[in-house]
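The values are calculated or read from the model by the stated rules, or taken from the named source; none is laboratory data. Bear in mind that the values here come from a model prediction, so they are computed numbers and not experimental data. Using ideal geometry, Cβ is built from the backbone for each residue, glycine included, and neighbour counts are taken over all protein chains shown.
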Amino acid sequence: MQKSDHYPISPQNVPDSLTQANSNYKRQAVLAMSGLIFFMVFYLALMGCFGFITYQGVDRFLHGDSGNLFNIIATSCSFLLTLFMAKSLFAVRKAGNPGGIEVTAEQEPRLFEFLHNLSDEIGAPRPHRVFITPEVNAAVFYDLSLLNLIFPSKKNLIIGLGLVNVLNLGELKAVLAHEFGHFAQGSMVVGRWVYVAQQIIAHMVATRDWLDSVVRFISRIDLRIAWLGWLLSLVIWSMRSMMDTLFSLVIIAERALSREMEFNADLVAVSVTGSDALVNALYKLQAADHAWQTALDVAGQEAENGKILDDIFQAQEATISQMQRVLDDQFYGAVPPKPDDIEHAKHRIFAEETARPPQMWSTHPANSDREENAKAQYIPADIDERKAWGIFADERELRRQISISFYNSEKLDELEVGQPLEAVIKRFDRPSYAPEYRGAYLNRSPVRDFPSVKDMLAKANVDANFENAIAGLYPASIAEDLEKSRNLDVEKYTLEALASGELKPSGGVIRHRGEEINKEEIPDAIREIADEQRLLSESLMQHDANCRAVHLSLTEQLGKGWNEYLTALIQLLHCSEHLHAIVENEHALLINTWQVITADGQIGHFEKKRIIRVCNDTLEKMKTVSNVTLNLSLPESVLEKLGITNWNEQIPTFELPTADKKNWPEWCQAASQIMSGMAGLLGAISNILQEDLILIEEKLRNERNPEGWEEAPAPGFCPDNYPVLLPGNEHVLQKKLDLWNRFQLAQGVFPTTARLVVSIAIVGGTIFAGLIQLF
């Protein structure tokens, strides 16, 4: 087999300087390595210090100088602390099997020829082991042990078929070249060291084993001895806190290096595939992530119906195709063409505000930054458009083998083989997903933004000419507004996550719309986005109001009770949407409060009072929602689709006692289950009502002759007064712990600094007291 058979041709005349480490890369590597070396030396020195105190104490005892009681206590404590630190060194474990299946060169000769050609061209070591997994992913992982602090580790490669399924051969080569670029980086030793050190610290900080049990046992004995256990617990807490905080500083330095390593690995990919292939792959992966998750959901639903999808990757492809139809966007999941009037080197496919990395590279730099890096020195090259599956010996069998791995092997014989394409089409077979709506109803409510149906209809501004009004209901501009809205949601979520610490910025630098900002500027950026969202929301609300008003006007001309029926349908939809939002909002508050008060593993008096107060507030609101739900009257067709024959008996109701200091844990668990059931029911009702609404509106546009209509069914109704929750009025969930919990968990600059100072003082005082006894 010749190299050219399944190996794309590489660009010519690539400058040798393209992949050479720049000054910033080298500086970050020095800083990260220096920090790691200091940390490990400090760790070993501290362990050695306690070991020395233990040795001297034991030596005195063996030579007949038993000393006083304090000397015996100091020696015993030092021994336990030495053991505490030493055992963490041996907590390092190999990464193990990442899932999927491991393949060999005998099983996949084309794949290994491809990988070996690529590694040889780049000058990187060949992968030690290769694993095929189902996800949208490609990654390097290590077989690590403590010895790998000194000796190089063997590098293994993961290839996700969800990734292979959406890329062509040239793009796959670029993605794998990026990973092989990491193979070739000398600074990967830093990552190896960080991984080993991270396991050591994680074991020290998080693991509670026999040593902690011994300390707890001592703490429960007679008061004359228990104080020793309390003191030892304080010192162990201080050791954990100090090492955890110091290591977090190492992680910051490593993260800055990681950003430079990613840029350098991208340039390695550019050197063998050109500047466009990797960027194109990044663009496709954003849709691939969503499509893969949807495919898994479809497979799960089919399994509940007794069917197995033996090719989930076909479901992923079908999902992308369906999303193109729903959004009326032929380039969803595909690379948009370059305009003729823009040079290749200046063409960009990522906008600053929409360039968040896909899930597989969520810790990487923004895609817009990576595109700028890849095209800073533009390398032209043709992209091999052949399917990436061509590098595997038996594509069909591999797809089947990985797909069925999601199912219980013992029950495979009980399931019949389903059709992935049909299953996905059924998932998207909803009137509201028709292309003419341009995604206006994709994961979006047309009534939730309004405080009432009356307010919605009052906002409508309809052309007096019905034909013009109908023709202008779903213009192309609505798709642009919806895309802007989704992008603003992503921007706002990203900034909020950065502000709360849930998301860490690549390289420690926050970039927003092409500019670097500091953490203090995030609130201003969020307010700017909120202002843009309000303007956009007004436009979308106007569209929703016009749609409902136009069709209600048509029913007035139609007669036969359809105006009353459609009005009731809109009212029921508005009611169920808001009830659903309230249930989810209260459920989120309950979960958030539980997480906050249990964050440090201890629940104090005031924390208990807080959760009880939240429980009882939730009880009152859920009783109101439950009563309104009981008094809903749905059309017969909706009840039939829900499978409900007796409304009062079959729907979940919120019947719990008042929460108190004795029953609140069980109360929270029971309430969470009930609220999940209520949210599920109300969500299902909303979906059915919305689809019925869209179907009727479609028929009203297409069939204006009253003779083509029968009398309307009996309309449903809902109570005149029901609670409403407008977007933006949800509970503000606590994302920051109180000062004491932040001190214990080292969250924030001041709490972290305070915990570090206190822990160093306690550990330092312990060492000083131990050394005093020796000299």
Spot the failing condition for Glu607; the list is (1) more than 30 Å from Phe717 (Cβ to Cβ); (2) in contact with a Phe, Trp or Tyr (Cβ under 9 Å, 6 or more places away or on another chain); (3) surrounded by 18 or more Cβ atoms within 10 Å (Cβ to Cβ), and only one is missed. (2)
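Checking the conditions here, which among Val417, Val424 is buried (at least 16 other Cβ atoms within 10 Å of the Cβ), farther than 30 Å from Gln571 by Cβ and assigned by TED's automatic domain parsing to the domain that holds Val298?
Working: Val417 fails: buried (at least 16 other Cβ atoms within 10 Å of the Cβ).
Going through Val417, Val424 in turn, just one is buried (at least 16 other Cβ atoms within 10 Å of the Cβ), farther than 30 Å from Gln571 by Cβ and assigned by TED's automatic domain parsing to the domain that holds Val298: Val424.
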When you scan segment 387-410, how many residues do you find that are surrounded by 14 or more Cβ atoms within 10 Å (Cβ to Cβ) and part of a loop (DSSP other than H, G, I, E, B)? 4
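Just the residues that are out of contact with any Asp or Glu (no Cβ under 8 Å at 6 or more places or on another chain) and farther than 19 Å from Leu398 by Cβ, please, taken from segment 292-314.
Step one: list which residues in segment 292-314 are out of contact with any Asp or Glu (no Cβ under 8 Å at 6 or more places or on another chain), which gives 293-305, 310-314.
Gln293, Thr294, Asp297, Val298, Gly300, Gln301, Glu302, Ala303, Glu304, Asn305, listed by residue number.
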Quick one: Ala206 ticks every box in (1) modelled with pLDDT of 75 or more; (2) surrounded by fewer than 20 Cβ atoms within 10 Å (Cβ to Cβ) except a single one, so which number is it? (1)
In this structure, is Gln293 surrounded by fewer than 20 Cβ atoms within 10 Å (Cβ to Cβ), within 29 Å of Phe114 (Cα to Cα) and outside the structural domain of Ala476 (by TED's automatic domain parsing)? yes
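Just the residues that are assigned to a loop (DSSP other than H, G, I, E, B) and out of contact with any strand residue (DSSP E or B) (no Cβ under 6 Å at 6 or more places or on another chain), please, taken from segment 100-144.
Step one: filter segment 100-144 for residues assigned to a loop (DSSP other than H, G, I, E, B), giving 100, 104-108, 123-129, 134-137, 144.
Hits for segment 100-144 are Thr104, Ala105, Glu106, Gln107, Glu108, Gly123, Ala124, Pro125, Arg126, Pro134, Leu144.
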Of the criteria (1) charged (D, E, K, R); (2) modelled with pLDDT under 80; (3) not in a helix (DSSP H, G or I), which one Arg742 fails: (3)
For the condition within 30 Å of the chain's Cα centre (by Cα), of a type in the set (Asp, Glu) and either surrounded by fewer than 21 Cβ atoms within 10 Å (Cβ to Cβ) or not assigned by TED's automatic domain parsing to the domain that holds Ser78 (or both), what is the one hit in Asp244, Asp266? Asp244
Counting just the residues of segment 133-160 that are touching an Asp or Glu at 6+ places or on another chain (Cβ under 8 Å) and of a type in the set (A, V, I, L, M, F, W, C), which one comes out modelled with the lowest pLDDT? Val140
Is it true that some residue in segment 224-240 is surrounded by 21 or more Cβ atoms within 10 Å (Cβ to Cβ) and either farther than 27 Å from Val41 by Cβ or in contact with a strand residue (DSSP E or B) (Cβ under 7 Å, 6 or more places away or on another chain) (or both)? no
Residue in segment 680-693 that is surrounded by 19 or more Cβ atoms within 10 Å (Cβ to Cβ) and more than 32 Å from the chain's Cα centre (by Cα) present: yes
Being assigned by TED's automatic domain parsing to the domain that holds Arg224, modelled with pLDDT under 75 and assigned to a helix (DSSP H, G or I) narrows it down to one residue among Phe84, Phe70, Phe38; which is it? Phe70
Given Glu649, Glu655, Glu620, Glu640, which one is part of a loop (DSSP other than H, G, I, E, B), under 29 Å from Cys718 (Cβ atoms) and more than 32 Å from the chain's Cα centre (by Cα)? Glu655
Given the conditions (1) part of a helix (DSSP H, G or I); (2) at pLDDT below 95; (3) of a type outside the set (Lys, Arg), and given that Glu584 satisfies all but one, which numbered condition is not satisfied? (2)
Counting only residues that are assigned to a helix (DSSP H, G or I) and modelled with pLDDT under 80, which one in segment 512-526 is surrounded by the most Cβ atoms within 10 Å (Cβ to Cβ)? Lys519
Failed condition for Val509, given (1) of a type in the set (A, V, I, L, M); (2) surrounded by fewer than 17 Cβ atoms within 10 Å (Cβ to Cβ); (3) modelled with pLDDT of 90 or more: (3)
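Every residue, every condition in (1) within 22 Å of Arg438 (Cα to Cα); (2) among the polar types (S, T, N, Q); (3) assigned to a loop (DSSP other than H, G, I, E, B), yes or no:
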residue: Tyr474; (1), (2), (3): yes, no, yes
residue: Asp481; (1), (2), (3): yes, no, no
residue: Tyr493; (1), (2), (3): no, no, no
residue: Glu496; (1), (2), (3): no, no, no
Cβ-Cβ below 6 Å, separation at least six or inter-chain, first residue in segment 18-46 and touching a residue at least 40 places away in the same chain (Cβ under 8 Å), second assigned to a loop (DSSP other than H, G, I, E, B) and small (Gly, Ala, Ser): which pairs? Ala29/Ser187
Could you please find all residues in segment 23-62 being under 19 Å from Glu262 (Cα atoms) and more than 32 Å from the chain's Cα centre (by Cα)? Ser23
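Restricting segment 322-344 to residues that are of a type in the set (S, T, N, Q) and without any contact (Cβ under 8 Å) to a residue 24 or more places away in the chain, which is nearest to Leu442 (Cα to Cα)? Write out each step before concluding.
Our first condition is that a residue be of a type in the set (S, T, N, Q); within segment 322-344, this holds for 322, 324, 330.
Add one more test, that the residue is without any contact (Cβ under 8 Å) to a residue 24 or more places away in the chain, and what stays is 324, 330.
On the way: Gln324: 12, Gln330: 16 Å.
So, considering only residues that are of a type in the set (S, T, N, Q) and without any contact (Cβ under 8 Å) to a residue 24 or more places away in the chain, the one nearest to Leu442 (Cα to Cα) is Gln324.
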